[in-house]
There are 2 protein chains.
Amino acid sequence: IAKEVAKLLEMKAQLGGDEGKHKFVLKTPKGTRDYSPKQMAIRERVFNAIITCFKRHGAEVIDTPVFELKETLTGKYGEDSKLIYDLKDQGGELLSLRYDLTVPFARYLAMNKITNIKRYHIAKVYRRDNPAMTRGRYREFYQCDFDIAGQFDPMIPDAECLKIVHEILSDLQLGDFLIKVNDRRILDGMFAVCGVPDSKFRTICSSVDKLDKMPWEEVRSEMVGEKGLSPEAADHIGEYVQLHGGLDLIEQLLQDPKLSQNKLAKEGLGDMKLLFEYLTLFGITGKISFDLSLARGLDYYTGVIFEAVLLQPENDHVEEPVSVGSVAGGGRYDGLVGMFDPKGRKVPCVGVSIGIERIFSILEQRASEEKIRTTETQVLVASAQKKLLEERLKLISELWNAGIKAEVLYKKNPKLLNQLQYCEDTGIPLVAIVGEQELKDGVVKLRVVATREEVNVRRESLVEEIRMRTSRP
Amino acid sequence: IAKEVAKLLEMKAQLGGDEGKHKFVLKTPKGTRDYSPKQMAIRERVFNAIITCFKRHGAEVIDTPVFELKETLTGKYGEDSKLIYDLKDQGGELLSLRYDLTVPFARYLAMNKITNIKRYHIAKVYRRDNPAMTRGRYREFYQCDFDIAGQFDPMIPDAECLKIVHEILSDLQLGDFLIKVNDRRILDGMFAVCGVPDSKFRTICSSVDKLDKMPWEEVRSEMVGEKGLSPEAADHIGEYVQLHGGLDLIEQLLQDPKLSQNKLAKEGLGDMKLLFEYLTLFGITGKISFDLSLARGLDYYTGVIFEAVLLQPENDHVEEPVSVGSVAGGGRYDGLVGMFDPKGRKVPCVGVSIGIERIFSILEQRASEEKIRTTETQVLVASAQKKLLEERLKLISELWNAGIKAEVLYKKNPKLLNQLQYCEDTGIPLVAIVGEQELKDGVVKLRVVATREEVNVRRESLVEEIRMRTSRP
C-alpha cells in the first residue's frame, strides 16, 4: 500500500510540475540575486581596486570550472560538507558546485604538478546555507582569493598576504580596521599545556572560534558542558584567549614557563616574532593584533591564520572599538595540495580571501543616496530638427570608429528636449547636435550638459574636442 | 532477479565510490577546463576589446545567478532542453544551470518590469553536449551578449548590433569575415509561397539551418524523405536558399511575383531594405550578405537574424572564400519577455552573442609560439649581497605604497644570478638592486634587464624613474 501511495504522490507531483509551466514564478533561486547596472558599477569599482593590488604584487590569474568532480570536494570541509550543492545524476560523472576556490586551486596545482605559483582567482562559490541576506550573505557569492604556493623561507609570503589585506582595506576606505593574527601551532600548543586531550583539539578549537560572537562564559560552558572538558582546562584556556597584543606579548609568551616547553607553540611563537619583524618593515603593525582567541573555522590550516574586521567608530563610553564583522581572512595550509597528489607530495601554501560580499553591502548602502553612472557614454548625437536620422547615424559612426563612446536615441524624429533629458538622466556630459545649418557650415554644435554652454566645432576637430572635454582631470 | 542484480550493482558502485575517495581522479569534469595564467592573459585581452566596444555603444552591465528555477528554463529551448544541467533535489526549489544568457535576461526584464535597457552580460553557460573539444567547444563556456530591449523605430537597434559585430571582429584581427543576415519573416513567407504546410515551418527551418554544414542535396532529401515535404516544395525552397546578395537582391525579391504577395515576407523585405540603408550609413555593407539560407537554430527569433563567419584565405582555384565557422550570431526576439510577464506584456529585443570560445581557440593557437607575459610586474627588488632581506622588504614596501608593481624573491639570501634569471623568465623589465654601498650613498642601482644597462638612482627619485621607464610608448 505504501508503495502505491508513493507512486500516486509522485504522479501528482509530476502533474503539479506540469501545471507550474504556465504560471511562472518570477524570482531568482533562494539565496541568490541579480546584479543591477548600479550594483555592477559598484562591484566593478571594488574588483578594480582589488585586482590592481593583486597585480601590484605580481600575481597571475587562473580560472577553474564552476563544478568539480564530487569526490574532489569530499572530505575537505568537515561538517560543512552538507552545504555543498550536488548536480543531478544525469548519467556520466557525479558533480558538485565549488564550495570555495582553495580546494579547486589545490586540485589545479596537484593535477598540473605546479610547485610554485602566485595567483589570484575571483569567482562565485556556492553554499546551501540559510543565509541572513540582510547581513549580506548569500548562497551564491563571490570569493576573491590571492595565494602563494611554494617552498620559501619562513614568513615572507605570509607577511605579504597581510600587507595585501592592509593595502586593500586602506584603498577601499571602509573605515578603521584591525587584522587579528594567530597560529594554529600556538593554539594547539596552548590546548596541550592547558590539558585538552589530543582528540578534543579540533572541537575545542571550534568553540574558541565562537569568541567573536559569544562571551567567554558561554563558550566556557559549551566546552565543559557539551564537550566534556575539565573546568580547570577550560579556565586555563580562558586566561590565554583573552590575551592580545604585539611583539611584547610574543616575547612574554616565549618566556611563559609552560608554553615555552611545548614544541609546537614554540615554533609558532618563533615564526610569529619573525612575522612581526617583517610587518614592522612594511610599516603596518599599527593595525595588526596578535590575538590568542582567533581560531578560524576551516580544518585545513596548519600555521599562521588571520582575519580582518572593520571597527565601528568609538563611542564616548566604550573603551575599545567594537568589531562589525570579518572582511578578509586566510592563513597557511601546507597539507591540502598533498591530499590530491598521488604520492602525497606537499606544496606549502598561504593565502587570503577578501570578503567581497560584505564589502559590497557596505558600499551599496553608502551609494544608495549617491548618483552613480552606469555607462561611460561621452556624447549623445542629437538633432534639433526632423528628418536627420541619417545624419545622426553618419556622425555617430564616425565617432565610434574614432573610439568615442557615443549614443543616439533610436527614434526617427526625437524632440531635442527629450534628447537633452536623456543626458540629464544618464549623466552623459556632452551633446553633439546636427542641424541643417550646421551641416551646411561643416560644423557640429557641441553642448555641455551641465553648463548649457554651446560651441560650434568644425567636424574634423570634433573627436579631438570631445576627447579633450571628457578626459579625466 | 533483475531487481536483485540491480541492487547488488548499486551497492558495488557505492563501495567503488568509497574506495575512490582515497585514489583521487585528478581531472576537471568532462567538457570543462582550467584556464592557465597564459590562457587567462589571452582571455582578458579579448574581453577587454569586447567590453570596450560594448561600452563605446553606451551599454550597462548586469549579472544573474548561475542557476535559475528549473521552470524558468522550461519550454524555451525546444529539443535542446535535454542538454540542460539540473541540480540534485536536496530539498527546496528545483534548480538548473543557465543554458544561455538570453532567457535569464528576459526573466530579469519581466521580473523588474524593465521595458527599456541596453545591457551586456559576460558569463559562463552550461550545456550537457558531447562537444568536440578540439574544435573549441565545451560543456562550460562563456557567452558574451549585448542586447537592446525597448519599443523603438524599426531597424535602428538592429543595425547597431551589426555595427558592433563588425567593430569587434575588425578589432580582434581574426582575419576576413562575413556577416550573413536574414529575417525569420522572410523565411516563413518563403516557406508559405513554396507550399510548406504551416505545421512544418519550424522543422523545415531547422533543415535549412544545416545548409552551412551539408550540401543542398542532403538537406533536400531530409526535407522530402524524413520530413515528408513534397519534392516540388523542396525544389522551390532550393531555388530561394541559394540566393545571397545586397540591396539589389532585396529589390529583386520585393518584385518577386509570389514573395511580394506574402504579407510576412513583404514586411521582412521592407525592414531588410531599411536595415541595409542604415548599414550603408555605417559604411559596413562590404562585409554583410543578405543570405536566404541563414536560418539559426533557436525558436525564439521573430525578425532579423544574423551570423558572422570567419573566411579562410582564398585558394588559387576556389572562387569564393570558404567559411570556417560562426564567431557571432543573434537576432530579434520580440516575444520572449512576454512569456515571463504575468500579463504577457511584450518587450521587443534584439541582441548579439559573441562566440568567444572559438575566438579564444584561434588566438590561443596563434599564441602558442608567442611569449606572453602573465604578470604586469615592473620591477624586481633584488640584492647583490647576503643579509639584505630587511632592506629589500623596506624598499618594496615603499614601491608598493607608491603604486609600483613590484616583486621580491621569498628567500633570505638569493643569488643575484637567480634574481636576474627570474626577470628573464617572467619578463620583468627592471631590477632595483640594493647593496651596502648603495645604502650608504642613498641610491638604488636600477638595471634594465633587456640591455643590462645599470644606473644609480637616488632613492627619492626611484618611483618616478621606474614609472618613466615602464610607461607605455
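The values are calculated or read from the model by the stated rules, or taken from the named source; none is laboratory data. This structure is a prediction, so every number in the text was calculated from the model and none was measured. Virtual Cβ from ideal backbone geometry, glycine too; neighbours counted across all protein chains shown.
Working only within the range A:147-186, note down all residues that are within 13 Å of another protein chain (Cβ to nearest Cβ), of a type in the set (A, V, I, L, M) and either more than 26 Å from B:GLU398 (Cβ to Cβ) or part of a loop (DSSP other than H, G, I, E, B) (or both).
Those that are within 13 Å of another protein chain (Cβ to nearest Cβ), of a type in the set (A, V, I, L, M) and either more than 26 Å from B:GLU398 (Cβ to Cβ) or part of a loop (DSSP other than H, G, I, E, B) (or both): A:ALA149, A:MET155.
Hey, could you check the range B:297-353 for residues that are among the polar types (S, T, N, Q) and more than 18 Å from B:GLY78 (Cβ to Cβ) and say which is modelled with the lowest pLDDT?
To start, the set of residues in the range B:297-353 that are among the polar types (S, T, N, Q) comprises B:302, B:312, B:315, B:323, B:326, B:353.
Keeping just the survivors that are more than 18 Å from B:GLY78 (Cβ to Cβ) gives B:312, B:315, B:323, B:326.
Numbers: B:GLN312: 74, B:ASN315: 50, B:SER323: 53, B:SER326: 87.
Of everything passing the filter in the range B:297-353, B:ASN315 is modelled with the lowest pLDDT.
Please specify each residue of the range A:422-451 satisfying the condition of being within 24 Å of B:LYS55 (Cα to Cα), of a type outside the set (Val, Ile, Thr) and part of a loop (DSSP other than H, G, I, E, B).
Within the range A:422-451, the first condition is being within 24 Å of B:LYS55 (Cα to Cα), and the residues that meet it are A:422-434, A:444-450.
Those left that are additionally of a type outside the set (Val, Ile, Thr): A:422-425, A:427, A:429-430, A:432, A:445-447, A:450.
Correct list: A:GLY427, A:PRO429, A:ALA450.
For the subset of the range A:33-50 comprising residues that are facing chain B (nearest Cβ under 10 Å) and within 21 Å of A:HIS166 (Cα to Cα), which member is surrounded by the most Cβ atoms within 10 Å (Cβ to Cβ)? Working first, answer last.
Here is the first cut: in the range A:33-50, the ones facing chain B (nearest Cβ under 10 Å) are A:33-41, A:43-44.
Still in the running and within 21 Å of A:HIS166 (Cα to Cα): A:43-44.
Numbers: A:ARG43: 20, A:GLU44: 11.
Of everything passing the filter in the range A:33-50, A:ARG43 is surrounded by the most Cβ atoms within 10 Å (Cβ to Cβ).
So which residues in the range A:278-307 are in contact with a Ser or Thr (Cβ under 8 Å, 6 or more places away or on another chain), over 16 Å from A:ARG332 (Cβ atoms) and of a type in the set (Gly, Ala, Ser), if there are any at all?
Passing the criteria: only A:GLY283.
Go over the candidates A:CYS144, A:CYS205 one by one and state the one that is farther than 26 Å from A:PHE360 by Cα, touching a residue at least 24 places away in the same chain (Cβ under 8 Å) and not in a loop (DSSP other than H, G, I, E, B). Show your work before the answer.
Details: A:CYS144 fails: farther than 26 Å from A:PHE360 by Cα.
It is A:CYS205.
I need a count of the residues in the range B:328-384 that are assigned to a loop (DSSP other than H, G, I, E, B) and over 17 Å from the mean Cα position of the chain (by Cα). Please lay out each step first, then the result.
Filtering the range B:328-384 down to residues assigned to a loop (DSSP other than H, G, I, E, B) leaves B:333-335, B:341-348, B:355, B:368-378, B:384.
In the following step, the residues that additionally are over 17 Å from the mean Cα position of the chain (by Cα) were identified as B:333-335, B:341-348, B:368-378, B:384.
Here the count works out to 23.
Can you tell me how many residues within the range A:121-139 are assigned to a strand (DSSP E or B) and either modelled with pLDDT under 95 or β-branched (Val, Ile, Thr) (or both)? Write out each step before concluding.
As a first pass, look at the range A:121-139 and keep what is assigned to a strand (DSSP E or B): A:121-126.
Remaining after also requiring either modelled with pLDDT under 95 or β-branched (Val, Ile, Thr) (or both): A:122, A:125.
Adding up the residues that qualify gives 2.
Which of (1) free of Cβ contacts under 8 Å to residues at least 60 places away in the same chain; (2) within 13 Å of chain A (Cβ to nearest Cβ); (3) crowded, with 22+ Cβ neighbours inside 10 Å does B:SER383 not meet, given it meets every other one?
Only one criterion in (1) free of Cβ contacts under 8 Å to residues at least 60 places away in the same chain; (2) within 13 Å of chain A (Cβ to nearest Cβ); (3) crowded, with 22+ Cβ neighbours inside 10 Å is unmet by B:SER383, namely (2).
Are any residues in the range B:400-421 within 9 Å of chain A (Cβ to nearest Cβ) and either in a helix (DSSP H, G or I) or among the hydrophobic types (A, V, I, L, M, F, W, C) (or both), and if so, which ones?
Once the filter is applied, which keeps residues that are within 9 Å of chain A (Cβ to nearest Cβ) and either in a helix (DSSP H, G or I) or among the hydrophobic types (A, V, I, L, M, F, W, C) (or both), the range B:400-421 yields B:TRP400, B:ASN401, B:ILE404, B:ALA406, B:VAL408, B:LEU409.
Quick check on the range A:85-109: of everything there that is farther than 19 Å from B:GLY31 by Cα and not charged (D, E, K, R), which residue is nearest to the other protein chains (Cβ to nearest Cβ)? Steps first, please.
Pass one, the range A:85-109, residues farther than 19 Å from B:GLY31 by Cα: A:85, A:99-103, A:106, A:109.
Adding the requirement that they be not charged (D, E, K, R) leaves A:85, A:99, A:101-103, A:106, A:109.
Working: A:TYR85: 6, A:TYR99: 14, A:LEU101: 12, A:THR102: 15, A:VAL103: 11, A:ALA106: 11, A:LEU109: 10 Å.
Out of the qualifying residues, it is A:TYR85.
Take the range B:268-292 and flag every residue that is among the charged types (D, E, K, R) and touching a residue at least 40 places away in the same chain (Cβ under 8 Å).
First pass over the range B:268-292, keeping only residues among the charged types (D, E, K, R): B:271, B:273, B:277, B:287, B:291.
Result: B:ASP271, B:LYS287, B:ASP291.
One line per residue, one yes/no per condition, for (1) modelled with pLDDT under 95; (2) in contact with a helix residue (DSSP H, G or I) (Cβ under 8 Å, 6 or more places away or on another chain):
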residue: A:SER199; (1), (2): yes, no
residue: A:THR203; (1), (2): yes, no
residue: A:SER207; (1), (2): yes, yes
residue: A:ASP212; (1), (2): yes, no
residue: A:LYS227; (1), (2): yes, yes
residue: A:ILE237; (1), (2): no, yes
residue: A:LEU254; (1), (2): no, yes
residue: A:ALA265; (1), (2): no, yes
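What is the number of the single condition among (1) in a helix (DSSP H, G or I); (2) modelled with pLDDT of 95 or more; (3) acidic (Asp, Glu) that B:GLU19 does not meet?
(2)
Looking at the range B:271-311, which of the residues that are outside any helix (DSSP H, G or I) and among the acidic types (Asp, Glu) is surrounded by the fewest Cβ atoms within 10 Å (Cβ to Cβ)? Quick ask: steps written out before the conclusion?
To start, the set of residues in the range B:271-311 that are outside any helix (DSSP H, G or I) comprises B:282-284, B:288-311.
Among the residues that remain, those that are also among the acidic types (Asp, Glu) are: B:291, B:299, B:307.
Numbers: B:ASP291: 22, B:ASP299: 18, B:GLU307: 24.
Among residues in the range B:271-311 that are outside any helix (DSSP H, G or I) and among the acidic types (Asp, Glu), the one surrounded by the fewest Cβ atoms within 10 Å (Cβ to Cβ) is B:ASP299.
State the number of residues belonging to the range A:110-120 that are more than 9 Å from every other protein chain (Cβ to nearest Cβ) and not in a strand (DSSP E or B). Steps first, please.
Within the range A:110-120, the first condition is being more than 9 Å from every other protein chain (Cβ to nearest Cβ), and the residues that meet it are A:113-116, A:120.
Going one step further and asking which of them are not in a strand (DSSP E or B), we end up with A:113-116.
Adding up the residues that qualify gives 4.
So is B:LEU462 more than 14 Å from chain A (Cβ to nearest Cβ), in contact (Cβ under 8 Å) with a residue 24 or more places away in the chain, part of a helix (DSSP H, G or I) and out of contact with any Cys (no Cβ under 7 Å at 6 or more places or on another chain) or not? Step through it out loud before you land on a result.
Numbers: more than 14 Å from chain A (Cβ to nearest Cβ): yes; in contact (Cβ under 8 Å) with a residue 24 or more places away in the chain: yes; part of a helix (DSSP H, G or I): yes; out of contact with any Cys (no Cβ under 7 Å at 6 or more places or on another chain): yes.
Here the answer is yes, as B:LEU462 does meet what is asked.
Out of B:LYS415, B:LYS405, B:LYS411, I need the residue that is surrounded by 17 or more Cβ atoms within 10 Å (Cβ to Cβ), at pLDDT 95 or above and at negative phi. Which one? First the steps, then the outcome.
Working: B:LYS415 fails: surrounded by 17 or more Cβ atoms within 10 Å (Cβ to Cβ); B:LYS411 fails: surrounded by 17 or more Cβ atoms within 10 Å (Cβ to Cβ).
Only one candidate passes the filter, namely B:LYS405.
Hey, can you tell me all the residues within the range B:60-84 that are more than 7 Å from every other protein chain (Cβ to nearest Cβ), more than 19 Å from B:TYR142 (Cβ to Cβ) and part of a loop (DSSP other than H, G, I, E, B)?
Passing the criteria: only B:LYS76.
Read through the list (1) of a type in the set (Gly, Ala, Ser); (2) within 19 Å of B:PHE306 (Cβ to Cβ); (3) in contact with a Lys or Arg (Cβ under 9 Å, 6 or more places away or on another chain); (4) facing chain A (nearest Cβ under 10 Å), then give the number of the only condition that B:GLY189 fails.
For B:GLY189, the exception is condition (4).
Quick test for you: out of B:ALA234, B:ALA308, B:ALA265, B:ALA295, pick the one residue that is among the small types (Gly, Ala, Ser), in contact (Cβ under 8 Å) with a residue 12 or more places away in the chain and over 30 Å from B:THR102 (Cα atoms). Explain how you work it out, then say what you get.
Values: B:ALA308 fails: over 30 Å from B:THR102 (Cα atoms); B:ALA265 fails: over 30 Å from B:THR102 (Cα atoms); B:ALA295 fails: over 30 Å from B:THR102 (Cα atoms).
Of the residues listed, the single one that is among the small types (Gly, Ala, Ser), in contact (Cβ under 8 Å) with a residue 12 or more places away in the chain and over 30 Å from B:THR102 (Cα atoms) is B:ALA234.
Quick check on the range B:396-410. Is at least one of its residues under 21 Å from B:ALA450 (Cα atoms), in contact (Cβ under 8 Å) with a residue 60 or more places away in the chain and among the β-branched types (Val, Ile, Thr)? Quick ask: steps written out before the conclusion?
Just the residues of the range B:396-410 that are under 21 Å from B:ALA450 (Cα atoms), to begin with: B:404-409.
If we keep only those that are in contact (Cβ under 8 Å) with a residue 60 or more places away in the chain too, we end up with B:404.
Filter again for among the β-branched types (Val, Ile, Thr), leaving B:404.
Yes, there is a match, as at least one residue in the range B:396-410 is under 21 Å from B:ALA450 (Cα atoms), in contact (Cβ under 8 Å) with a residue 60 or more places away in the chain and among the β-branched types (Val, Ile, Thr).
Are any residues in the range A:417-444 free of Cβ contacts under 8 Å to residues at least 40 places away in the same chain and either among the small types (Gly, Ala, Ser) or farther than 17 Å from B:ASP153 by Cβ (or both), and if so, which ones?
Selection gives A:LEU417, A:LEU420, A:GLN421, A:GLU424, A:ASP425, A:GLN437, A:GLU438, A:LYS440, A:ASP441, A:GLY442, A:VAL443.
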